[in-house]
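The values are calculated or read from the model by the stated rules, or taken from the named source; none is laboratory data. Because the structure is predicted, anything quoted here is derived from the model rather than measured. Note that we place each Cβ from the backbone using ideal geometry, even for glycine, and neighbour counts take in every protein chain shown. Protein only, heavy atoms only, side chains kept; ligands, DNA and RNA dropped before computing areas. Shrake-Rupley method; radii C 1.70, N 1.55, O 1.52, S 1.80 Å.
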Amino acid sequence: MSEQTPASGHLVDGPADPEHDPKASYALEPDYVASLTNRVVSTTGRTVAVSSPLNGQPLANIPQSSADDVAEAFARARRAQAAWARTSLDDRAAMLLRFHDLVLDRQDEIIDLIVLESGKARKHAFDEPLHIALTARYYGRTAHQHLDSERKMGVVPGLTRVEVNRVPKGVVGIISPWNYPFSMAMCDGLPALLAGNTVVTKPDAQTMLAALLGAQLLAEAGFPEGVWNVVAGLGPDVGPPMIDRSDYICFTGSTATGRIIAKQCADRLIGASLELGGKNPILILRDAGIEKAAEGAVRASFSNAGQLCISTERMFVADQIYDRFVERFVARTQAMSLGASMEWGVDMGSLISQAQLDTVAAHVDDAVAKGARVLAGGRARPDLGPYFYEPTILEGVTPDMTCFGNETFGPVVSLYRFHDEADAIERANAGDYGLNASIYTQDGDRGRAIARQIKCGSVNINEAFGATMASIDAPMGGMRQSGMGRRQGSEGIHRYTESQAVATQRGVRFSPMFGMSDEGYAKVMTAQLKIMKKLGRA
C-alpha cells in the first residue's frame, strides 16, 4: 500500500511555528472565512473552533445559533416564502441553471473546502460538485414536468374537469451530515426551492464551510435574500426548534437520530424524509468479470474511506470464483495510495474524527479478537494523519462480532462465500437495513431479476453505487430501518408539495334533477356506472 506524506510535511518538536506546525496558522484567509460564516444566523457571540482532519490545522471559528436565532431564521424564511412562491417557475428554474454553472466554474474552490473540512481524497470530493451540478440541471430542465398542474379524469366525461395542483409546503428544514458536506447540504434543498418553498438548513457542525459556500453560490445565482437560511449548532440544541417551526423536515444521518426526528415530526403531523444507516451488500455472482468486480468492490467499500451511506460493508462472493476474486480484490486494495493531500492522485483520505477512528478500530479489533482474519489493512496510520485507517478486508466474520450486523461507516468490508444464489439473497437481506446493494454479473437480465428480490431502495448492477446516485431522474432512499421517503426524481420534489385537487362541474349536479326522486336518481346513477364499466372506463 503506497502512502503520501501528510500535507503538513515533517513535524518537529519546538515552538508553534507555521513552518513546522500546521496548527500554528489558519489554513484559510480570515476574510474569506468571514464572508462565509457571516451567513450563519447567530446572535450568541459564541463560536466553535473547527480544524482539518488532515493535520489539525485550524480552519474557522463557527458562530453558534440559539433557539431564538432559529426562530429568526424561520421568520426570515416565512417572510420570503410568499413572494418566492409567486416567482414564476421559469425564473426559479433559470436560477437553478445559473447555480449549476457557478458550481462547475467554482469547483476547485468547493473541492478545496471539502478536502480541508472532511479529509477525503480529492477525487472523492469531486463527486460532490458533480452530484450538485447534475441535480441542479435535472430539476432546472424538468421543472414544468414535475410542477405544472395536471389534468385528471373527471367523474362525468366532458362535464367534470379535474386538475391537480402542486402547492409548496412552506418552509422546509434540512439537517445534513458531515460525510458529503457540500452535496448533502445542497441536494435536498434545490428541489424544495424550485417547488416554491424556502429553506432553513443546519449543516453538521464539523463541516459548515462547504455548506456556507453553497449558500453563497445560491445568492450569486440570483436566489433572493431569505429563501435559504443557515443556522449552526449541535443537533440536540438546534434540531428540536427547527422541527417545531418547519412544514417539512429532511434529515440524513443515523437511524437512531432518525427515529427521534420521526417521532417529533409525527407529534406535529408534518412530513419527513429520512435517509438513515445501512449495512449494504454486494453480490459477486459466478459469471462476474473478475477485474471489473474487483475494481467496483474497491470503490464500493473504500470511497471516502467508507464514510458513505451507500458504501458496501458486506460482500458475498460465489464459490466458483471466490479465490480468484479475493486475490484481485486484495491486490487492488493493497495498491491504493493513502495520503493527507489537497492534490489529485490519492486513492483514499482520512476519517473525519477521533470518534470515527475509534469506532472503526473497535470493530476491527473485536472481529480479530473473536477469530476473523485480516486479508488487508487492519491498522491505524497516525504517520499519515491523526485519523487515518487502512482500507481493511476481513474474512471469517461471524454473527457474534460487532461488525457483522452493525454499521461501521469506515473502510472495513467483510467477505462471505456462497454457493447457492438464493442463500446469498437471503443473507444479503438479513438484518434491519435496506439502503443500497450491488450485483456483479455478465447476465443483465439475471442481475435485474435478483435485484427485485433485494430489500434495498437502490440496486446497482455492474457498478458500485454511482449508476443510481447519479441518475437524478430515479428516486433514491432506503427501505426498512434505512429510512423513509426519497430524494431525486419526481418523488424528490413532490415531497415538498401538497397535492390540491380542483374540480369544475358543469351541466349536471350530483343530486336529483328535473323532479326526479332520490330513488330514481339512485337508479339512474347505477345504470350509468354499469355502462361506464362496459365501455372500459376506469
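Amide H contacts for D287 (H built 1.01 Å from N in the peptide plane; partners 5 or more residues away or on another chain; cut-off under 5 Å): Q442. Backbone amide hydrogens, once placed in the peptide plane, bring Q57 within less than 5 Å of S52, excluding anything fewer than 5 places away on its chain.
Largest first, the extents of the alpha carbon coordinates of the stretch 183-250 on the three principal axes equal 33, 26, 19 Å.
Highest mean packing first, where packing is the average number of other Cβ atoms within 10 Å per residue, the peptides 227-237, 166-176 line up as 166-176, 227-237. Counting only protein chain heavy atoms and rolling a 1.4 Å probe, the accessible areas of V103, V524 rank, largest first, as V524, V103. With the charge dipole of the chain set up from +1 on Lys and Arg Cβ and -1 on Asp and Glu Cβ about the Cα centre, the Cα lying farthest toward the positive end among the listed residues L213, V368, W84 is that of W84. Across the stretch 466-509, the volume of the C-alpha convex hull divided among the residues equals 123 Å³ per residue. The residues of the stretch 138-233 expose, per residue, 28 Å² of accessible area to a 1.4 Å probe. Here is the P(r) of the stretch 291-378: all C-alpha pair distances, binned every 5 Å from 0, give 3, 12, 20, 25, 22, 12, 5, 2, 0 in whole percents. For the residue pairs K152/K533; K169/K455; K120/K169; K202/K263; K23/K120; K23/K279, alpha carbon separations beyond 25 Å are given by K169/K455; K120/K169; K23/K279.
At the listed q of 0.11, 0.14, 0.20, 0.26 Å⁻¹, the Debye profile of the stretch 389-462, built from one uniform point per Cα, gives log10 I(q)/I(0) equal to -0.31, -0.51, -1.01, -1.39. Go through (1) 45, 33, 19; (2) 44, 28, 25; (3) 41, 25, 22 and flag the label whose value is the computed semi-axes √(5λ) of the Cα gyration tensor in Å for this structure. Computing semi-axes √(5λ) of the Cα gyration tensor in Å and matching it to (1) 45, 33, 19; (2) 44, 28, 25; (3) 41, 25, 22 gives (1).
On the principal axes of its alpha-carbon atoms, the stretch 21-112 has extents of 53, 36, 20 Å, going from largest to smallest.
Pairwise inverse Cα distances across the stretch 116-159, averaged and inverted, put the Kirkwood hydrodynamic radius at 14.2 Å. Only one residue of G405, Q145, V172 has its Cα farthest out toward the positive end of the dipole of the chain, where Lys and Arg carry +1 and Asp and Glu -1 on Cβ, and that residue is Q145. Run the Debye formula on the Cα coordinates of the stretch 84-202, all scatterers equal and no solvent, and tell me log10 I(q)/I(0) at q = 0.12, 0.13 1/Å. With no solvent term, the Cα-only Debye profile gives -0.53, -0.60. Approximating the spin labels as points 7 Å out from Cα along Cα→Cβ, the E395-to-D108 distance works out to 4.6 nm.
Take 267-279, 509-521 and order them by the average number of nearby Cβ atoms within 10 Å per residue, most first; the result is 267-279, 509-521. Ordering I249, I393, Y416 by the projection of their Cα atoms onto the charge dipole of the chain, which places +1 on the Cβ of Lys and Arg and -1 on the Cβ of Asp and Glu, puts I249 at the extreme positive end. Annotation: the stretch 140-206 has a Kirkwood hydrodynamic radius of 14.4 angstrom, from the mean reciprocal C-alpha pair distance.
Checking every one of the trypsin sites (Lys or Arg not before Pro) in the stretch 280-327 against DSSP loop status and a limit of 12 other Cβ atoms within 10 Å picks out no site at all. Apolar share of the accessible surface for the stretch 235-348: 53 percent from carbon plus sulfur atoms, 1.4 Å probe. Using only side-chain charges placed at the Cβ, +1 for Lys and Arg and -1 for Asp and Glu, the dipole size of the chain relative to its Cα centre rounds to 2920 debye.
Taking the Cα centre of the stretch 303-364 as reference, the dipole from Cβ charges on Lys and Arg (+1) and Asp and Glu (-1) amounts to some 80 debye. Diffusion coefficient (Stokes-Einstein, Kirkwood radius over C-alpha pairs, 10 °C, 1.306 mPa s) for the stretch 340-480: 93 µm²/s, rounded to a whole number.
When the P(r) of the stretch 228-318 is calculated, the portion above 18 Å amounts to 58% of the C-alpha pairs. Per-residue ellipticity at 222 nm computed for the chain from its helices equals -12500 deg cm²/dmol, with DSSP H segments shorter than 4 residues left out and the rest contributing -39,500 (n - 2.57). Divide the volume of the convex hull around the Cα atoms of the stretch 471-538 by the residue count and you get 206 Å³ per residue. Each Lys and Arg adds +1 at its Cβ and each Asp and Glu adds -1 at its Cβ; summed about the Cα centre, the stretch 341-493 shows a dipole of about 260 debye. Protection proxy ranking, highest mean first, for peptides 108-117, 397-406: 108-117, 397-406, where packing is the per-residue count of other beta-carbon atoms within 10 Å, averaged.
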